[in-house]
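The values are calculated or read from the model by the stated rules, or taken from the named source; none is laboratory data. No experiment lies behind these values; they were computed from the predicted model shown. Glycine also receives a Cβ, built like all others from the backbone with ideal geometry; neighbour counts cover every protein chain displayed. With ligands, DNA and RNA removed, areas are computed over all heavy atoms of the protein, side chains included. Shrake-Rupley method; radii C 1.70, N 1.55, O 1.52, S 1.80 Å.
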Amino acid sequence: MFAKSRGSGTAPCDLLPDTIRKTYEIGKQSATAGPENVWRIYDGYRKKDRMEISIFLFDKRSVEKIHKPKRKDAITDILRESATRMERISHPKLLQVYKVEECADTLAFASEPVLASLSNVLAYKEQLANTLAAQSSGPMGKQNHPPASSHHRSVFIKEYELLELEIKYGLLQITEALLFLHGNCKLFHRNVCPTSIIITKRGTWKLSGFEFIERINENNLPITVQPWTKHMPKMTQPNLDYIAPEVQQKKLGSFSSDMYSLGMTICAIYNQGRPLIQANHSCSDYLKQLDALDEQVSLILPLVPIPLREAVTRLLHKDPEQRPTAQVLTMIKFFRDPFVHALQFLDVSKMKDVHQKEHFYTTTLKELLPYMPKKLWYQHIWTYLHAELQTQEVLSAVLQPMLYIVENSTQEEYDQIVFPTLKPLFTNRKSIQGTVTLLENLHLILQKTPQEYEREVLSMLYMSFENSTIQVRTAAFVAVSHVTQHLEDDAIRNVVLPKLLEAFDNNSADARVLMDVVPCILSRLEKQKIIDCILPLLCKVKLQEPEIVVRVEGKKARHLPRPTTNRALPRVRSDIYRLMLTDKKYGLSVNWMAAHAMPSLLPQTVNPALNLEQFILLLEVLQDMLNNIERQVNQRNKLTLDDLSLPSPDKYRPLRHQYSTDNVHVPAFNIPNLRIEQRKTSSAEDMARKNSIGSISTASAENMARKSSMTAMFGNWFTSASANDSNFLRVANTFTSRRLSDNTLMTPKIRIAPSCASSPGGTPGGGLPIRRHSSTGPQERRGSNINLSPPTFCSQGGRMPITSSSVPYLLSSSLNSIRGSRRPSVSSTSSQQGIGLLQQVGSSMVRQLPPICLNLNGPPPPPTHSPSLQLPGQHSH
């Protein structure tokens, strides 16, 4: 998908060994590899299971045209030995080779699927650079892009762009391959170059090309090797451009020689595919360019990533002792990358246990996928995930990153790569957890699946209803709530609805999950089906958990995917009752609301488990039902809203508000004369009060009373006159910043005018008897000059004298009436009013209120709600 190949020739099937021809189906050529690109690589697959493979083919006849016949056997022997060694040595970083086969004209072997060799990719990169250089004008362009003679390079070019992450991980893989050869096998590769590095179709880099491999002794000392010479065929020698200086000059080779070759390969990758030394099969040119190697390294370093520059400098050092080993190179900062570690885990996933795989797939890989190039999703990661689908233990974990790729893939990518991989999952046997994961995310798959394949996907859903496992059946209902728009009406009526009713009856699934299905299928059911099945079902649901209550009465629903077919369900914006109230087709009649729906919902208004939002939603649905009932009643009786005295919906208020004390109006009554003795004060306070009392007029006294906001809360007015102190009132208040003894008003005295003969406990014509309140103990009597009682006329036509301390009593229905009314302290009130008040008190017509509290000092208390008490002659507000 990501690479296009340009090359010539197809697989000569008639030349292949019989075993290869019978076992594998051969396709077209895709790459070349090996010394002088002698191996031609063809695509193919195994016939019995159609497993994808690649075929490496060496045509012996191609050697006869170039070399003398006596050298033909030498080349064949080297290539045969190389293939045999790769078949024998197995490692994740080495090319995996299957059985080698040979016939009279060819030598061939099968391997894991190969995309290209690194030399094919760099050839394309070099060709592109040469094309840009040819298009550029001026001497500077020729200097920066000198034409290179490439007759020794591959004629096969792979159009493939390498990503920086691919290069980083590929170099780490080759380094680890060398670490395995050097540390475990004690083998010296001798030909580390782009033709020996294979890029598989998974995007991994594998080391191959064991034609010139040598074994190193246990002491890791250099060994004698044959330098490159023009007297031997080029196919039987390593690539001269990548040979280490000590090999060519001193005929000594070691592990450090391989590290030099790796450093030269790194430079070729970042230098538009060109190595720093281009000897063109000339030993003299090699030595000349070797002398200028340090200068070439300094020129190429700006193109190399910063974390890799120091390593490249040391790798290309002419002194083998200064070069880092493969083990040291794997630990440099350049390779410490989370994406590299993730790709590395996938390469060795077969060696990991189940728990490690589950954690990697569900956490690490899923977190890295959004930041990873899409090219690696399908080329590298998807192939490993596909292989893991066969492992039932990790199927659920593997599906999570796969579903993320499904959700974020284009339609073309899904059709060509993703869906062919997922298709067998819908019919094959799966683990319970894997089935649950697939069902819960079925809507993601159906969004991308072409309509002609929807039946294959939905067949798994229908079969899940018959599963014996509760988790699978529950996941099937979850899937229904997500994919309703993809279900046919017959499937909903004949499969989903019966299974839903059965699950409710048997209590075999979570009620919250089942309630999510109901609003999704409502619009797809007939009216009679809703009346017969759905409405009785709603009455049976136990409304205990808040989530179920909200689902029944009208929770805001999830935004379902937009419909893609004509039979798709429109977006649901509310659940069940809220949805059923929107249209008569759902069969929710006013009789059913009044007899079944509201009785089942009303008890939930006192459910302590509901939060505020849920409570408000519940009230809204109940209000909607009441509105519907009101509307139906009005229509049935042909009444208009003007003729009907029913309150509007916004006037429905709680009883505690309608009948609060703010709305209670009591008849006006008079209060008997009341005098309160003041507490003892200091001489300075007495003087100030006397001066204030003597100078304040009646009107100013009213203003002082208003400014201090004195609130009189009247206690019990006892109508019995059997005790001497029955008419005394206890007055107490707390004053801020005072001692407790200062905050208590001592024994108050109530003086009743002799004219009020009808007052209970009064003494006709006997003056003002002083009585002590029944709740106080024997204390010193303290006088008070403050008169809080309204003026009252005597029976002989006189009235109580008005002193400068007389203030109007502050009794009204609210604080606003106090501030808005302005009346003189003396009002012409008849004696009948005073008598009427006492009669009301005696007949217990006055409400019993808490003990009176007077704020004589300190800031005024906040206004409190009290019954509406009116002055004589005051108009009701």
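Data for the structure
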item	result
Residue in region 635-657 that is hydrophobic (A, V, I, L, M, F, W, C), at pLDDT 75 or above and surrounded by fewer than 14 Cβ atoms within 10 Å (Cβ to Cβ) present	no
Hey, GLN392 open to solvent by 20 Å² or more (accessible area, probe 1.4 Å), more than 30 Å from ASN184 (Cβ to Cβ) and free of Cβ contacts under 8 Å to residues at least 40 places away in the same chain or not	no
Where PRO17 falls short, out of the listed (1) exposed (fewer than 15 other Cβ atoms within 10 Å of the Cβ); (2) more than 54 Å from the chain's Cα centre (by Cα)	(1)
Contacts under 6 angstrom Cβ, first residue in region 264-293 being closer than 22 Å to PRO307 by Cβ, partner among the hydroxyl-bearing types (Ser, Thr, Tyr), 6 or more apart	MET264/TYR242
Region 244-264, residues that are of a type outside the set (Lys, Arg), open to solvent by 10 Å² or more (accessible area, probe 1.4 Å) and in a loop (DSSP other than H, G, I, E, B)	SER254
Scope region 266-298; condition part of a helix (DSSP H, G or I) and under 54 Å from the mean Cα position of the chain (by Cα); matching residues	ILE266, CYS267, ALA268, ILE269, TYR270, ASP294, GLU295, GLN296, VAL297, SER298
Residue count, region 494-503 (criterion: within 32 Å of the chain's Cα centre (by Cα) and surrounded by fewer than 18 Cβ atoms within 10 Å (Cβ to Cβ))	0
LEU442, sole failed condition from (1) open to solvent by 70 Å² or more (accessible area, probe 1.4 Å); (2) touching a Leu at 6+ places or on another chain (Cβ under 7 Å); (3) not aromatic (Phe, Trp, Tyr)	(1)
Scope region 342-373; condition part of a helix (DSSP H, G or I) and loosely packed, with under 15 Cβ neighbours inside 10 Å; matching residues	LYS350, MET351, VAL354, HIS355, GLN356, HIS359, THR363, GLU367, PRO370, TYR371
Single residue of PRO302, PRO307 found to be in contact with a Phe, Trp or Tyr (Cβ under 9 Å, 6 or more places away or on another chain), surrounded by fewer than 16 Cβ atoms within 10 Å (Cβ to Cβ) and assigned to a helix (DSSP H, G or I)	PRO307
Test: residue in region 520-543 that is modelled with pLDDT under 90, within 27 Å of the chain's Cα centre (by Cα) and not aromatic (Phe, Trp, Tyr)	yes
Residue among SER508, SER468, SER464, SER481 that is without any contact (Cβ under 8 Å) to a residue 24 or more places away in the chain and closer than 27 Å to ASN428 by Cβ	SER468
ALA491 in contact with a Phe, Trp or Tyr (Cβ under 9 Å, 6 or more places away or on another chain), surrounded by 20 or more Cβ atoms within 10 Å (Cβ to Cβ) and among the hydrophobic types (A, V, I, L, M, F, W, C)	no
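Matching residues to (1) surrounded by fewer than 19 Cβ atoms within 10 Å (Cβ to Cβ); (2) on the phi < 0 side of the Ramachandran plot; (3) at pLDDT below 90:
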{"site": "THR195", "(1), (2), (3)": "no, yes, no"}
{"site": "ILE198", "(1), (2), (3)": "no, yes, no"}
{"site": "GLY203", "(1), (2), (3)": "no, no, yes"}
{"site": "LYS206", "(1), (2), (3)": "no, yes, no"}
{"site": "PHE210", "(1), (2), (3)": "no, yes, no"}
{"site": "GLU218", "(1), (2), (3)": "yes, yes, yes"}
{"site": "LEU221", "(1), (2), (3)": "yes, yes, yes"}
{"site": "PRO233", "(1), (2), (3)": "yes, yes, yes"}
